[in-house]
Amino acid sequence: MKQEKNYRHQLAKSRGDIIKAGLPGLSGPITTEREMFIRIDEIAPSPHQTRSEIKPDSPDIIELAENIQKVGLINPIIVRPNPDQSSDYKWILVAGERRLAAHKRLGRTTIKASIRETLKDDELKSWSVTLSENIMRKPLKPDEAGEAIEIARNMNMNNKAIAETIGISERYVIHLYGAAKLPEDLRTQLEQYGKLTKRHIEAFKRLIGAKKITKLSPEDGDTEETTRTKKLLHQLLNEVIDDDLSGEDAIERAKELLKPNKKSKSFLTTFNKRLKEALKRRPTRMSDDKRRLAIHQAEEMIQALQEFIKEESTKLKPDPNQT
């Protein structure tokens with residue numbers, strides 16, 4: 001998404017300004033009061049961390065660890081003091097989970113950190129720095145972004161405030177949150193074919209409605225209604241990919257799937273209507289020549305339609321709604 005890339009570029013370019021001057025929409029600067037090496041076993045995970053999967057043996061962590069081994073840690077992680085004095089953790093991670101995981105992979109016991117005293121009792125600032133850091137470092141998965149936005153909404157922030165705080169557009173916030181509502185395997189396929197757009201997301205959300213569906217594939221415990229919805233999602237997905245449906249076309253198709261009794265239109269709809277009207281208005285009196293000509297023309301149409309039916313039938317895919 002071109003707009004998304006522009007936002008990431010702007011965020012990455014202004015990273016130093018964000019750290020020095022504070023995040024958009026927040027009062028007062030977020031200052032770096034001190035930098036020091038701290039013990040890794042004294043760092044608690046961020047309660048606002050939006051990355052659900054940081055595996056030490058993942059390719060990106062291995063690559064980052066090798067880079068740190070060669071050139072050292074260029075940017076310190078960001079931590080804030082833990083307000084819970086009884087905790088075994090002295091610090092709470094704000095940003096830098098991947099760098100921390102890379103240090104753990106290298107077997108190191110300490111890591112250079114930027115201590116943010118001003119974040120000690122400010123949950124909103126902590127969340128803002130964490131999410132901004134994640135967006136700049138590596139694209140979030142839709143479900144991770146959705147979780148982060150959900151956290152912000154629980155802090156009584158609306159989409160506009162969220163957008164201003166982390167430096168992206170309000171429209172992109174809505175897009176991320178909408179994508180997070182789709183089943184993960186559905187999102188993956190849409191993204192793979194370049195169809196994870198706002199309008200495509202809207203089309204699939206129409207089919208899902210208020211139901212909570214986490215996977216497109218069948219699961220134990222699926223109700224009859226959930227199974228039916230998944231079949232409709234499968235059908236729409238196949239049509240979106242195979243027929244290269246635009247977002248608007250996908251929405252219209254979703255409406256048709258939700259109202260199966262409503263007749264859909266095709267390129268033959270108008271012809272079919274006019275033919276029926278013409279047959280109703282046919283003259284009651286015709287000469288034999290005119291009658292033979294009409295019959296001959298009707299036979300030609302029947303032959304053409306039979307050839308059309310035969311050809312198009314070979315292109316049909318199995319109907320997921322037929323068991």
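The values are calculated or read from the model by the stated rules, or taken from the named source; none is laboratory data. These figures come from a predicted structure and were not determined experimentally. Note: ideal-geometry Cβ built from the backbone for every residue, glycine included; neighbour counts use all protein chains shown. Heavy atoms of the whole protein, side chains included, go into the accessibility calculation; ligands, DNA and RNA do not. Shrake-Rupley method; radii C 1.70, N 1.55, O 1.52, S 1.80 Å.
Of note:
- Remark: Arg285 falls outside the filter, which requires a residue to be over 30 Å from Gly178 (Cα atoms), of a type in the set (Lys, Arg), surrounded by 10 or more Cβ atoms within 10 Å (Cβ to Cβ) and over 40 Å from the mean Cα position of the chain (by Cα).
- Among the candidates Ala294, Ala278, Ala250, residue that is without any contact (Cβ under 8 Å) to a residue 60 or more places away in the chain, over 31 Å from the mean Cα position of the chain (by Cα) and surrounded by 12 or more Cβ atoms within 10 Å (Cβ to Cβ): Ala294
- No other residue among Ala113, Ala12, Ala65 is open to solvent by less than 60 Å² (accessible area, probe 1.4 Å), assigned to a helix (DSSP H, G or I) and modelled with pLDDT of 85 or more apart from Ala65.
- Listed by first and then second residue, the pairs with beta-carbon distance under 7 Å, at least 6 apart or on different chains, first residue in region 161-177 and on the phi < 0 side of the Ramachandran plot and at pLDDT below 75, second of a type in the set (S, T, N, Q) and assigned to a helix (DSSP H, G or I), are Thr165/Ser128; Ile166/Ser128; Ile166/Ser132.
- Among residues of region 71-106, those that are on the phi > 0 side of the Ramachandran plot and crowded, with 21+ Cβ neighbours inside 10 Å, counted: 1
- Region 232-247: number of residues that are within 17 Å of Lys211 (Cβ to Cβ) and open to solvent by 60 Å² or more (accessible area, probe 1.4 Å): 1
- For first residues located in region 205-222 and more than 19 Å from Arg253 (Cα to Cα), partners that are in a loop (DSSP other than H, G, I, E, B) and lie 6+ apart or on another chain with Cβ distances below 7 Å form the pairs Ile213/Pro183; Thr214/Pro183; Lys215/Pro183.
- Looking across region 298-319, just one residue is open to solvent by less than 90 Å² (accessible area, probe 1.4 Å) and of a type in the set (S, T, N, Q), and that is Ser313.
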